[in-house]
Structure formats: structure tokens, C-alpha cells
Amino acid sequence: MRTKNLIAEIIIFLLILLWAYTFASKVLDFDTFNRQIKGAYLLSSLGSPLPYILQLLHLSLVVLLLKKSWRKIGLITSLSVLVIYTGYLIYILKFAPSIPCSCISLYRGLLWDDQLLINLAVLVLNIIGLIMFSFKRPPHSSHIQTTH
């Protein structure tokens, strides 16, 4: 496997783990997640369907990244979600009157500054993964081609 292919596959694997963990952790404690979203600054105005939409989004990201033919759209969607989440974190840290729940954090109890650093690191990984995936070459064919 070429280096670019290997890097892309490792990054995709890490993103699958991230989104699967995010999905599973919120599902396993959905009542708390739902309550926190409803009480979060800005997010509460989006209504009660938001926790369900976010969970569907997290699960969709896992599926998109797992299926090889959908990976590019999965990487683009993942990048878009990370940009939105990171923008929300920056907004909260810089402009919100108070810092709300940690309901969008990767781990419960993670400080918002630490979550921002994690988001930025994953954002960079996602960008690298998208670039590497775009330049990925298909595996060599075992068929011998002849020219006439």
C-alpha cells in the first residue's frame, strides 16, 4: 500500500472511531444529552429535534466513512461538521455571556479550551485525510495488460 493510501486509511479509521464514539456516548446517555442541548446557549433555540438530528448526523458520518464509495462525501461532511462545531466552540469561548454544558464535548467534563484544541487537531487531520484521499491511487491490478 502506498504511503498516501495508508495515511488516508489511518485518518479515515480515526474519524470513524471519533464519530462512532460520539454517537455511542450520546446514545447511551441520551436523556442527559437531550437535556443539555435544550439548555445550551444558542442550541436551545433550535428546538427539541436537534438532539435527534445530531445523532442521525453522527451515525451518517460513520456510515459514509465506512463505505468506500462514499468516503469522499464522508470526509467532506465530516470536515463541514467539524468546522461548524469548532465555530460554535470559538463563539462560546469568545462571545457567549456564559459557558454552557459540555454536551458537544468528546468526553464529559472536558474543558471547552481543551475541546477546542481537540477539534482543531481533528480538523487538520480531516483536511489531510481529504487531501490524501483525493490523491489516493487504486491498488495495482493483477491483470497483465498488453498493447497491440
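The values are calculated or read from the model by the stated rules, or taken from the named source; none is laboratory data. Given the structure is predicted, the values throughout are model-derived calculations rather than measurements. Cβ placement follows ideal geometry from the backbone for every residue including glycine, while neighbour counts extend to all protein chains displayed.
Values as computed for the structure displayed
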{"read-out": "Complete set of residues in the range 1-43 that are in a loop (DSSP other than H, G, I, E, B) and among the basic types (Lys, Arg)", "value": "2"}
{"read-out": "Residue list for the range 49-82, filter: over 19 Å from residue 13 (Cα atoms) and in contact with a helix residue (DSSP H, G or I) (Cβ under 7 Å, 6 or more places away or on another chain)", "value": "50, 51, 55"}
{"read-out": "Any hit, the range 134-146, residues being at pLDDT 80 or above and in a helix (DSSP H, G or I)", "value": "yes"}
{"read-out": "Those residues of the range 89-101 which are touching a residue at least 12 places away in the same chain (Cβ under 8 Å) and either surrounded by fewer than 17 Cβ atoms within 10 Å (Cβ to Cβ) or under 22 Å from residue 17 (Cα atoms) (or both), in sequence order", "value": "89, 90, 91, 93, 96, 97, 98, 99"}
{"read-out": "In the range 70-98, the residues that are over 12 Å from the mean Cα position of the chain (by Cα) and either at positive phi or of a type in the set (S, T, N, Q) (or both)", "value": "98"}
{"read-out": "Some residue of the range 71-82 being out of contact with any Ser or Thr (no Cβ under 7 Å at 6 or more places or on another chain), under 23 Å from residue 111 (Cα atoms), without any contact (Cβ under 8 Å) to a residue 60 or more places away in the chain and loosely packed, with under 14 Cβ neighbours inside 10 Å", "value": "yes"}
{"read-out": "Qualifying residue in the range 31-42 (condition: closer than 26 Å to residue 124 by Cα and among the charged types (D, E, K, R))", "value": "no"}
